[in-house]
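The values are calculated or read from the model by the stated rules, or taken from the named source; none is laboratory data. What you see is a predicted model; the values in this text were computed from it and never measured. Using ideal geometry, Cβ is built from the backbone for each residue, glycine included, and neighbour counts are taken over all protein chains shown. The area values use the complete protein model at the heavy-atom level, side chains included, leaving out ligands, DNA and RNA. Shrake-Rupley method; radii C 1.70, N 1.55, O 1.52, S 1.80 Å.
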Amino acid sequence: MIRSVLVAAPAQAESQGTAQKIVVMLKPKCDKCRSKAMKIASVADGVISVAWEGEEKNKVVMIGDGTDSATVTRRLRKKLGYADLASVEQVK
């Protein structure tokens with residue numbers, strides 16, 4: 001099972017310090033749903049890394065530059081049935 005994915009990072013994200021940490025709460029039913037969520041999150045524009053967090057591994061944490069959190073949440077909700085945008089914060 002994939003737990004963390006590192007995507008090619010744009011040079012601007014690290015140099016400007018404008019990266020965002022986006023946390024989306026999910027209710028994955030199986031390992032296939034977790035893989036699908038990871039795939040959707042990792043192909044979003046500007047995403048640098050994706051990881052699972054939480055006791056039940058029910059939070060997808062994405063770090064990226066210029067990533068639209070609402071669009072990613074909508075895509076996850078469309079494919080998995082439930083997704084809730086928990087937080088968006090700046091990362092140094």
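Just a few scattered comments:
- Only residues that are part of a strand (DSSP E or B) and either of a type in the set (D, E, K, R) or closer than 15 Å to Cys33 by Cβ (or both) were counted in segment 51-92, giving 7.
- Qualifying residues in segment 43-81 (those that are touching a strand residue (DSSP E or B) at 6+ places or on another chain (Cβ under 8 Å) and hydroxyl-bearing (Ser, Thr, Tyr)) - the one farthest from Gln20 (Cα to Cα): Thr73
- As a summary of the residue check, Lys39 satisfies the conditions (1) open to solvent by 70 Å² or more (accessible area, probe 1.4 Å); (2) in contact with a Pro (Cβ under 8 Å, 6 or more places away or on another chain) except for the one numbered (2).
- Scanning segment 40-70 for residues that are aliphatic (A, V, I, L, M) and touching a Ser or Thr at 6+ places or on another chain (Cβ under 6 Å) gives Ala44, Val47, Val50, Ala51, Ile63.
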